[in-house]
Each structure stands twice: as C-alpha cells, then as structure tokens.
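What follows is a single structure, written as structure tokens, with notes after it.
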C-alpha cells in the first residue's frame, strides 16, 4: 500500500471510531436540545490545533449541523495566546465577523511564571473568553487517553509516559502522533479522568480562578472536547465551567 493510501485509510478509520464513541447518557442529556453554533478557538500551539481539528472534521461530516468552528494557533505561551486573541479580535473586520462567536483560549500552565495573573486577565477580558487550561501541559490531557493521571506531573514524566504508550518517542505538533493517540487511546476514560480531577479540586476549594499552581495535574479541555464529540451526532449547548459557579 502506498504511503498516502495508508494515511487516508488510517484517518478514515480514526474518524469512524471517534464518531462512534458513545457519550454516557448523563452527558448526552446536557446537550440534546441545543446547538453550540459558532466558535473560535485560540490555541497555544500546533499540538492543540491538530488535536481539535480532528473533532471539527467529524462535525463537518454531519450535514445537519449548523456549526462553524475556526481554530487559530498563537504559537507561544498562555500570555501570548491572550495577546494574540485580543489583537485578532481588535481588528475591525474580525470583530464584526466573530462578534457572535463563542471564544475559547486553550493553553498550558507551565509559562509564564505568573500564570495565575495571566488567567485573571483572561477572565477579566471584555471578549468574555472561556478558558481551557492544562497543568502542566496539553499533553496531560493526551496522556489521560491511556492512563489515569492523578499525581503531580512534569514535562519529562509526561513525554516519557506518552512515548511508552506509543511505542516510540513522543513528538509535539506531529499529525501522525495525534492520529495514533486518537485511534489507540480511550477518549471516554480521558473525559472521566479530567472530570474526577475537577471534582477532587472543587472539594478542596480549589479552582483555576485562584489556585492553578496547586492544581497539578489538571485540565478542563475535556469540556470542549465533550461538546465537539457530541456535536458530531446531536445538537447541543455550550456548557463549560466558569468561576462564578466554582
């Protein structure tokens, strides 16, 4: 089989697998009677962008969905994501075009050092961003596809564990690696892992609005992924956490 044929076959199989992933009934009930509509997602880097684009590809295959999703890569740390998004939306033409879009910021918590201050700026922005943070890295979320992650992690640890599960060295911003993770990992387990962490931190009175440094590991990327996954088969509503109800 020619290399390009193999890639096409792998991609199609992976899309079918994701489309057939069944959300638990309790999750589906959150989304059944609404529509996420339009959203623009500002990502810290290409790894996040590549990952989320696979879910968008599923949504686009459903001709009954009236959903528009645009993904931008800021290519920097959390502070850069905020500056990039603010600058992008400050452009008059972009402001008009995306005024009714739900706006997401997807970023890691390893940088800058004053990450809490950056998060507070995001929350205070007049652009009303939904923030999707991963502590320490977005790869924390990727690792959850293979195992339960509930103790403090480092970049070295995460990369080594991903490499073990992939049977080769993990490489950032690699479309093939993202395909492997989505094809061979367990998204439902990743969703459950992230939710359990959120409950644990909530019980301790911790949330990303004030305590991100004490929340390693953590990610709430699952909140967006759950919506994107459900949007491939059912209409649903935007349902991400915010500080007012923590």
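How big is the antiparallel share of DSSP beta bridges in region 23-237, given as a percent to the nearest 5?
About 10 percent, rounded to the nearest 5.
Taking 0.36 nm per residue of separation and subtracting the Cα-Cα distance, what length does fully extending residue 94 through residue 202 add?
Going from the current span to full extension adds 35.2 nm.
Could you list 219, 118, 47 so that the one with the fewest beta carbons within 10 Å of its beta carbon is first and the one with the most is last?
Listing 219, 118, 47 from fewest to most nearby Cβ atoms yields 47, 118, 219.
Once you have a ≥ b ≥ c as the square roots of the Cα gyration tensor eigenvalues for region 23-237, tell me rounded if a/c is under 1.5, and otherwise prolate or oblate according to whether a/b is larger than b/c. Mind dumping the intermediate values first?
Values: a/c = 1.37, a/b = 1.11, b/c = 1.23.
Since a/c stays below 1.5, the shape of region 23-237 is classed as rounded.
Taking neighbour counts of Cβ atoms within 10 Å as a proxy for exposure, in what order, fewest first, do 130, 108 appear? Each step should come with its number before you reach the end.
Details: 130 20, 108 23.
Result, fewest neighbours first: 130, 108.
Length gain on complete extension for the stretch residue 155 to residue 38, per 0.36 nm per residue less the alpha carbon to alpha carbon distance?
Gain in length upon complete extension: 38.8 nm.
Between region 135-168 and region 72-104, what's the alpha-carbon centroid distance in Å?
Measuring centre to centre over Cα atoms gives 29 Å.
Round to the nearest 0.05 the FRET efficiency obtained for residue 46 and residue 192 when R0 = 25 Å and r is the Cβ-Cβ distance. Don't jump to the answer; show the numbers that get you there.
Values: r = 27 Å, r/R0 = 1.08.
Efficiency, rounded to the nearest 0.05: 0.40.
Determine, for 99, 57, the number of other Cβ atoms within 10 Å of each Cβ, and report the residues in order from fewest to most.
Ascending number of Cβ neighbours within 10 Å: 99, 57.
For residue 147 and residue 209, calculate 0.36 nm times their separation in residues minus their Cα-Cα distance, and state this gained length in nm to one decimal.
Stretched fully, the residue 147-residue 209 segment lengthens by 19.6 nm.
May I ask you to order 143-149, 71-77 by the average number of other C-beta atoms within 10 Å around their residues, highest value first? Please list the in-between numbers first.
Working: 143-149: 20.4, 71-77: 17.7.
Final packing ranking: 143-149, 71-77.
No lab work stands behind these numbers, since they all come straight from the coordinates. Here the structure is a predicted model, which means the values were calculated and not measured. Cβ sites come from the backbone with ideal geometry, for glycine too, and all protein chains shown count toward neighbours.
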